[in-house]
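Asks: Can you keep this structure in mind? I'll have questions shortly.
Each value in this text was obtained by applying a stated rule to the coordinates, not by laboratory testing. Just so we're clear, the structure is a prediction, and the values are computed from it rather than from any experiment. Counting neighbours? That spans all protein chains shown, and the Cβs are built from the backbone with ideal geometry, glycine included.
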Amino acid sequence: MGYPAASPQPYPAMNPDGAPARPPENGMGIAALVLGILGVVLVCAYGVGLIPSILAIVFGKIGMNKADQGAADNRSMAKAGFILGIVGVVLAVLAIIALVLLFIGVAATSVTTPTTRA
């Protein structure tokens, strides 16, 4: 009675030249998706998601290029991060415009003319 024998480990994948295959470089796609989600959430919750959204666009583009070159296998994740980054930037710009218009409206209505009391 005991544990069954361990199954033999498969050989690592090999390139045509005989060198072991490199693992995919998926870091940029993962970073793009995480930053894209974070950027949209922060814009909607606190209005400070512009920086993560811009980084998501940059990392998403780099990740898509790596996937096109065959160095990564998560193109869809990088593309989703890229799109979320664009959505975050658009939301942040709209929030900034709304705040500026709100401040202009408050400033315009707070200017009053002096009244004389009798």
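Asks: Could you tally the net charge around residue 64, taking each other residue with its Cβ under 11 Å from the Cβ of residue 64, Lys/Arg +1 and Asp/Glu -1?
Replies: In short, +3.
Asks: Rounded, prolate or oblate: which fits segment 27-109 when a ≥ b ≥ c are the square roots of the eigenvalues of the alpha-carbon gyration tensor, with rounded for a/c under 1.5 and prolate only if a/b beats b/c?
Replies: The shape class here is prolate.
Asks: OK, next. Tell me the label-point distance for the pair residue 68, residue 7, using the 7 Å Cα-to-Cβ offset, in nm and rounded to one decimal.
Replies: The modelled label-to-label distance comes out at 3.9 nm.
Asks: In what sequence do 99, 55 fall when counting other Cβ within 10 Å, fewest first?
Replies: Fewest-to-most Cβ neighbours within 10 Å comes out as 99, 55.
Asks: Here's a follow-up. Within 10 Å of each residue's Cβ, count the other Cβ atoms and sort 62, 57 from fewest upward.
Replies: 62, 57
Asks: Oh, and also: May I ask you to sort 66, 79 by Cβ crowding, counting other Cβ atoms within 10 Å and putting the fewest first?
Replies: Fewest-to-most ranking of 66, 79: 79, 66.
Asks: Now for a different question. Mind ranking 28-35, 43-50, 100-107 by how tightly packed they are, going by the mean number of other C-beta atoms within 10 angstrom, highest first?
Replies: Packing proxy ranking, top to bottom: 28-35, 43-50, 100-107.
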